[in-house]
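To start, I am sharing the structure in question, which I have written as structure tokens.
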Amino acid sequence: MKISLCMIVKNEDKTLARCLSSVKDIVDEIIIVDTGSEDTTKDIARKFTDKVYDFEWVDDFSAARNYAFSFAQNDFVMWLDADDILSETSGKKLLKLKSDLPEDVDIIYMPYDVAFDENDKPIFTYYRERIVRRSANPVWIEPVHEVIDVKGRSMYTDISVQHRKIKTNPSERNLKIMEKQLAEGKVLSPRLQFYYARELMYNGKTPDAVNSFEKFLADKSGWFENKICACYDLSVCYEKIGNGEKAFETALKGLMYAVPRNKTLCRIGELFMKCGQLIEAEYWYQAALNCHTDTNLGFNEIDYGGFIPAIQLCVIYDKLGNPDKAEYYNEIAGGFRPDSPAYMYNKKYFKKSNED
């Protein structure tokens, strides 16, 4: 198994060397496509490869990525962003996979770790199609929040890529690209409609986000995992504009698409808690703590399956006048994140209470 690493970059002189150093002894070819750097990004790239190309930016990430893929010479193509890295452990696992890969695998999915706790453990991760067989004709689609359209036998691995961002992208960049699409009369796919709603939400355009989420949820062809996520986000948006009834209704709607997700259960518990209905909140947080949804699909925000419901149950039982149970659940929360400021604060609070 030989791998061509294909990347698109722009003004990444702070992270590119770190990324390439983590994979240079694993991949067999490195291709860098620069979309308009004004720093030393290309100079850094040339220290690792002589295959550095320019691409005129056209507000389309897929176009740039497909251009990068077009230069690949090996049987498999891998992609990374400049602020991604492979840990030493992941690197060793990928080297082993290169020797052991079944001959009929076309798509290799790898976890993408994008957020970390106080001890650098991943708390937000999801699978991405990371390595694809070139003969399967992989094509990137969507101008932003792009994804590879490819058919074939898939394989899921535990070889994670870590997203270690050190700079903040312009908050309106993705939104502007999608609004340009709409201004040109293009119809957003259901998937892009979902992400458009999220970008509106991130940029504080809450009423517009509500309308966009509702439009996405009304489309029967949208992916069910995105619908579950959209229900959570839409619930938050309704709460922000002061519509508590719709916030509850939409949160509950997130239960209709699949087995319950921890995050959905926590959201319902949160809404009851904000209304002062602690017994009802206790029920939903207990459900979240005891719900073990095993899936490779969608976003996996790990705290919602352990730390968050446990720390909220601690607060609930303290408010209900049951300090023993409150302390018990704080210790459960500490088992998930022992260095969490919330856990440590509560630990001191209970110690002082016991001393008094």
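The values are calculated or read from the model by the stated rules, or taken from the named source; none is laboratory data. Remember, predicted model here, so these are calculated numbers, not experimental data. For neighbour counting, all protein chains shown are included, and Cβ atoms are generated from backbone atoms with ideal geometry for every residue, glycine included. Calculation scope for accessible area: heavy atoms of the full protein, side chains included, ligands and nucleic acids excluded. Shrake-Rupley method; radii C 1.70, N 1.55, O 1.52, S 1.80 Å.
If packing is taken as the mean number of other Cβ atoms within 10 Å per residue, what is the order of 283-289, 116-122, 46-52, highest first?
In decreasing order of mean packing, 283-289, 116-122, 46-52 become 283-289, 46-52, 116-122.
Also, quick follow-up: So, in nm, how far is label PHE71 from label ASP339 when the simple model puts each one 7 Å beyond its Cα toward the Cβ?
For the pair PHE71/ASP339, the computed spacing is 3.9 nm.
Not counting ligands, DNA or RNA, and with a 1.4 Å probe, what is TYR53's accessible surface area in Å² rounded to the nearest 10?
Probe radius 1.4 Å; accessible area of TYR53 about 70 Å².
Just the Cα atoms of the range 187-227: what Rg and Dmax do they give in Å?
Expressed in Å, the Cα Rg and Dmax of the range 187-227 come to 9.4, 27.
Moving on to the next point. Please work out the average accessible area per residue across the range 244-356, using the 1.4 Å probe convention, and give it in Å².
Computed with neighbouring chains in place, this is 54 Å² per residue.
What shape does the range 217-290 take by its C-alpha gyration tensor, where a ≥ b ≥ c are the square roots of the eigenvalues and a/c under 1.5 counts as rounded, a/b above b/c as prolate, and the rest as oblate?
Values: a/c = 2.83, a/b = 1.31, b/c = 2.15.
Oblate is the answer for the range 217-290, as a/c is 1.5 or above yet b/c matches or exceeds a/b.
Still on this structure, I have one more. At LYS121 and TRP57, where each label point lies 7 Å from the Cα along Cα→Cβ, what is the point-to-point distance in nanometres?
Label at LYS121, label at TRP57, 3.9 nm between them.
Let me ask something else about it. Could you tell me the calculated FRET efficiency between GLU172 and LEU252, based on Cβ-Cβ distance and R0 = 30 angstrom, to the nearest 0.05?
Values: r = 32 Å, r/R0 = 1.08.
For R0 = 30 Å, the calculated efficiency reads 0.40.
Over all directions, average the projected area of the Cα convex hull of the range 230-356 and note it in nm².
So the Cα hull casts an average projection of 8.2 nm².
Return one number: the angle in degrees, 0 to 90 and rounded to the nearest 10, between the long axis of the Cα atoms of helix 173-183 and the longest principal axis of the Cα atoms of the chain.
80 degrees
Something else: So for each of 192-200, 61-69 I average, over its residues, the number of other beta carbons within 10 Å; can you give me the resulting order with the highest mean first?
Working: 192-200: 23.7, 61-69: 20.6.
Those peptides, ordered most packed to least, come out 192-200, 61-69.
Moving on to the next point. Applying 1/(1 + (r/R0)^6) with R0 = 56 Å to the Cβ-Cβ distance of GLU88 and LEU278, what FRET efficiency is obtained, to the nearest 0.05? Present the calculation step by step, with values, prior to reporting the outcome.
Values: r = 46 Å, r/R0 = 0.83.
Efficiency at R0 = 56 Å is approximately 0.75.
On to the next question. Calculate one ³J(HN,Hα) per residue across the range 80-86 by plugging θ = phi - 60° into the Karplus curve 6.51 cos²θ - 1.76 cosθ + 1.60, and present them in order as whole Hz with x for glycine and proline.
9, 9, 5, 9, 9, 9, 9
Here's a follow-up. Lysines within cross-link reach of LYS151: Cα-Cα under 21 Å, excluding same-chain residues under 8 positions apart?
Filter leaves LYS2, LYS98.
Another one. Which percent of the accessible heavy-atom area of the range 1-71 goes to carbon and sulfur, probe 1.4 angstrom? Can you show the working numbers first?
Numbers: 1450 of 3240 Å².
C and S atoms contribute 45 percent here.
Quickly work out the ASP39-to-LYS151 label distance, labels modelled 7 Å from Cα along the C-beta direction, and quote it in nm with one decimal.
4.2 nm
Would you work out if the range 151-252 is rounded, prolate or oblate? Take a ≥ b ≥ c from the square roots of the eigenvalues of the alpha-carbon gyration tensor; rounded if a/c is under 1.5, else prolate when a/b is larger than b/c, oblate otherwise. Can you show the working numbers first?
Numbers: a/c = 1.42, a/b = 1.28, b/c = 1.11.
The shape class here is rounded.
Any idea what angle helix 224-240 forms with the longest principal axis of the chain, computed on alpha-carbon atoms, 0 to 90 degrees, nearest 10?
Value to nearest ten degrees: 50.
Leaving out same-chain residues fewer than 8 places away, which lysines sit with a Cα under 22 Å from that of LYS180?
Within the straight-line cut-off, LYS180 pairs with LYS10, LYS205, LYS215.
Find how much the distance from TYR328 to ARG134 grows on full extension, using 0.36 nm per residue of separation minus their present alpha carbon separation; answer in nm with one decimal.
That works out to 64.5 nm of additional length.
In vacuo Debye scattering of the chain, one point per C-alpha: log10 I(q)/I(0) at q = 0.06, 0.08, 0.10 Å⁻¹?
Values returned for q = 0.06, 0.08, 0.10 Å⁻¹ are -0.27, -0.48, -0.74.
Can you list the lysines whose alpha carbon sits under 21 Å from that of LYS220, skipping same-chain ones fewer than 8 residues off?
Counting by Cα, and skipping residues close in sequence, LYS220 has these lysines nearby: LYS186, LYS246, LYS253.
On to the next question. Which percent, to the nearest 5, of DSSP beta bridges fully inside the chain are antiparallel?
Percent antiparallel among DSSP bridges in the chain is about 50.
Report, in deg cm²/dmol and to the nearest 500, the calculated mean residue ellipticity at 222 nm for the chain, where each DSSP H run with n ≥ 4 adds -39500 (n - 2.57) and the sum is divided by the residue count.
On the way: 14 runs with 168 residues, N = 356.
Dividing the helical sum by the residues of the chain leaves -14500 deg cm²/dmol.
Given a 1.4 Å probe and every protein chain left where it sits, what share in percent of the accessible area of the range 158-220 is carbon and sulfur?
Here it works out to 50 percent.
So what's the gap between the Cα centers of the range 214-235 and the range 282-333, to the nearest angstrom?
Each part's Cα centre sits 25 Å from the other's.
Would you mind working out the magnitude of the charge dipole of the range 242-356 relative to its Cα centre, with +1 at each Lys and Arg C-beta and -1 at each Asp and Glu C-beta, to the nearest 20 Debye? Write out the running numbers ahead of the final one.
Numbers: 13 positive and 15 negative charges, 43 e Å.
So the magnitude is around 200 debye.
A follow-up question, please. Taking only C-alpha pairs under 8 Å that are 6+ residues apart, what is the relative contact order of the chain in percent?
Relative CO of the chain lands at 12 percent.
Using the alpha-carbon atoms, what tilt in degrees (0 to 90, nearest 10) does helix 244-253 show relative to the longest principal axis of the chain?
That works out to roughly 60 degrees.
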